[in-house]
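In what follows, a structure is listed as structure tokens, so that the remarks can point back to it.
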Amino acid sequence: DAGVTQSPTHLIKTRGQQVTLRCSPKSGHDTVSWYQQALGQGPQFIFQYYEEEERQRGNFPDRFSGHQFPNYSSELNVNALLLGDSALYLCASSLFLQPNYGYTFGSGTRLTVV
Amino acid sequence: GQQLNQSPQSMFIQEGEDVSMNCTSSSIFNTWLWYKQDPGEGPVLLIALYKAGELTSNGRLTAQFGITRKDSFLNISASIPSDVGIYFCAGRSSNTGKLIFGQGTTLQVKP
């Protein structure tokens, strides 16, 4: 039973470029949430997707956008990259109607903006 | 962004010692979660708490949901070298899927 898988594991981009990160949720989960974790900090909530719609959003600019596909997988897109966007991006999957069943995190994508 | 107040920030202890860390918030939560994160990995759930006053154990780990619903603590008994890592608390309010995390407690265990 595969857990949450994220790709790529590492990525280096230049300031001003755009990036797409991908996430496949744990089998049986229907909801995907994205978090940004800066070095030495706890994860910060970016947004959550369920039924292919953004259900909740954290305090992130519109440069951060996402998408969820019919198979529940998700993408995180970041436009006009800034140096401050360098971070570990984590994907967490869960069941929308049973949040107390827990959130399973992937290993993350390490994004470096130069 | 919003974060919980987690303390201590770091701990360096001898193998076999007990460890205690806590988390406080200015907001009420309906769920408290404790995660461990190893280098290069995502957070892994250790204990979940769903009711004020609840005390839950998972092996050598024990966590409690504060009665004010604004705090939680995690205890690790008889620490071993594999306990090394970063421990995060996280809170969730009702009707939201958003987790609010603490800044983490870095634990180092000396054999």
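When A:THR14, A:THR9, A:THR20 are checked against the criterion of being at pLDDT 95 or above and in contact with a Lys or Arg (Cβ under 9 Å, 6 or more places away or on another chain), a single residue qualifies: A:THR9.
No other residue among B:GLY42, B:GLY91 is crowded, with 20+ Cβ neighbours inside 10 Å and part of a loop (DSSP other than H, G, I, E, B) apart from B:GLY42.
In the stretch A:26-114, counting only strands (runs of 3 or more DSSP E) that sit wholly within it, the ones holding 2 or more residues that are at the interface with another protein chain (Cβ under 8 Å from one of its Cβ atoms) span A:31-37, A:44-50, A:53-57, A:87-94. If you go through the stretch B:73-111 and pick out every residue that is within 14 Å of another protein chain (Cβ to nearest Cβ) and under 30 Å from A:ARG55 (Cβ atoms), you end up with 19. Check the stretch B:50-61 and report whether any residue there is acidic (Asp, Glu), free of Cβ contacts under 8 Å to residues at least 40 places away in the same chain and away from chain A (no Cβ under 11 Å). Yes, the stretch B:50-61 contains at least one residue that is acidic (Asp, Glu), free of Cβ contacts under 8 Å to residues at least 40 places away in the same chain and away from chain A (no Cβ under 11 Å). Taken over the stretch B:38-65, residues that are in contact with a Ser or Thr (Cβ under 6 Å, 6 or more places away or on another chain) and small (Gly, Ala, Ser) amount to 2. Scanning the stretch B:45-87 for residues that are assigned to a strand (DSSP E or B) and exposed (fewer than 15 other Cβ atoms within 10 Å of the Cβ) returns B:LEU55, B:SER57, B:ASN58.
The values are calculated or read from the model by the stated rules, or taken from the named source; none is laboratory data. Keep in mind it's a predicted model, so treat the numbers as computed, not measured. Counting neighbours? That spans all protein chains shown, and the Cβs are built from the backbone with ideal geometry, glycine included.
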